[in-house]
Amino acid sequence: MSDATIQPTAWLAPLRAALDHEKARVCLLGAHGPTSACALTLLHRGSPWVVVTASDESAERMFHDLCFFYGLMGRPVEDLAWFPEWETLPYEATAPHVGLIAHRMTTLHRLLINPPTILVTSVAAAMHRVIPRSTFEQAIFHFQTAAAFERESLVTNLLRLGYRRVSVVEIPGEFSVRGGIMDVFSTAYANPVRVEFLGDHVESIRLFDPSTQTSITKLNEGWVLPAREFVRPPQAPEAIVPIEADAEWRSPDLYDSMDTLFDYLTTAPFLALDQPEALKKACETAWEKIDDGYLRHVDRDATQPYPSPERLFLTWEGIQQKIAPWSMLALEPLAAPDSTWDQTFSFSAQVPGSIGLGIRGTAFSQTLNLLEGLRSEHRVVLVARSRGQVDRLLALLREHDLPADPWNPAAWS
């Protein structure tokens, strides 16, 4: 399905042209919820985008909405990335959940490789400083078939990156060694990697299902990314000592300086801000929690204080300084945030109920008449929650002599 099938051309081409100006500040009205994801999918032409929302929940929704529209238009969802926040209270002495760390590590790795990407994140995640880019690059390593590795050095490296040695791997951040077999549940993959050695040489690499131990696919190489956002230097005497639960809060003391998510972007992106005033308010609210968390920690343990908040987080002004060189698009449901936005465009979208669809109690014959009216002027795509519902809907439409086929993006593109 081409963009021309569904794009409202009245706004798309002029908006693209406006964004191409250096440091453009453009506002798109009517963009809210899934309609924002639809608009961004239409706008994306290969250049990287960063989308910032007010909360982690809205960032995750935006990411999944983008996945839907990308799939709808036959585009690769691999072009999309989500960078979540830790979901721990500021200065709480617990390790971030390894599943979130895995999302963050794979996204940072993708940014290093620098393919065209739409990156979705929340303002809380964007303001949180991250491991220096140079440290992250040096920490990454990968297995290759036929390559030689000294296995004790591999074990040391895995421990340094925050992996835990176990008897059987089950979750990201674990590894095991049994004879000539090393299993690593790398944060780079959704399944663990099994590396089989013949002597010191890698004989085979494959992904496997940890619940059944059955192979999924063979690989020519397998990447290993950090399992914690606290990577000690290889020569440090405590390099293989288990990393403490609160280590990430002490990261500024380990590195000369911390980077930000924006520092990982090697190509200047377009920036989409989902309601800028809401982002500013969310950042200010987050800072109140950060200050409270820091003061509670100082009261609790003044002998071993954590680094001060400004060493771990960006302020709203700091975020603005980072993004100032880039062209920006404000996504707003009703009106531009203020007069600093140069141009305004409108994206017209309606909820199904506004045209009489999806309303409880409506006769099915009336719904069919509405669909037939829409079909006389446009291509109509109906979305159901499951494959079973799709099959039932197709059967109903065919019973009433309405032409309907399962969605096939390749056939429409």
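Every read-out reported here was derived from the displayed coordinates using simple, explicitly stated rules and does not represent laboratory data. Here the structure is a predicted model, which means the values were calculated and not measured. Note that we place each Cβ from the backbone using ideal geometry, even for glycine, and neighbour counts take in every protein chain shown.
Dividing the helix sum by the residues of the chain, where each DSSP H run of 4 or more adds -39500 (n - 2.57), gives a mean residue ellipticity at 222 nm of -10500 deg cm²/dmol. When each of Phe185, Phe68 is scored by the number of other beta-carbon atoms lying within 10 Å, the sequence from fewest to most is Phe68, Phe185. Relative protection proxy for 328-341, 163-176, 101-114, from highest mean packing down: 101-114, 163-176, 328-341 (other beta-carbon atoms within 10 angstrom). In terms of the Cα gyration tensor, with a ≥ b ≥ c the square roots of its eigenvalues, is the chain rounded because a/c is under 1.5, prolate because a/b exceeds b/c, or oblate? Note, shape of the chain comes out oblate. Peptide packing: for 221-230, 90-99, the average count of neighbouring Cβ atoms within 10 Å per residue gives the ranking 221-230, 90-99, highest mean first.
Looking at region 352-412, what % of the alpha carbon pairs are farther apart than 20 Å? Summing the P(r) tail past 20 Å for region 352-412 gives 26 percent. Remark: region 266-330 is approximated by an ellipsoid whose semi-axes, taken from the C-alpha gyration tensor as √(5λ), come to 31, 14, 7 Å, largest first. Within the chain, antiparallel bridges make up roughly 45 percent of the DSSP beta bridges whose residues both belong there.
The lysine pair tally for the chain, using Cα distances under 19 Å and a gap of 8 or more places or different chains, is 5. Remark: relative contact order (the chain) = 25 percent; criterion is Cα-Cα distance under 8 angstrom and separation of 6 or more residues.
Ordering Val123, Val77 from the fewest to the most neighbouring beta carbons within 10 Å gives Val77, Val123.
Fully extending the segment from Leu382 to Val166, taken as 0.36 nm per residue of separation minus the present Cα-Cα distance, adds 73.0 nm. By the beta-carbon count within 10 Å of each Cβ, the least crowded to most crowded order of Cys38, Cys67, Cys27, fewest first, is Cys67, Cys38, Cys27.
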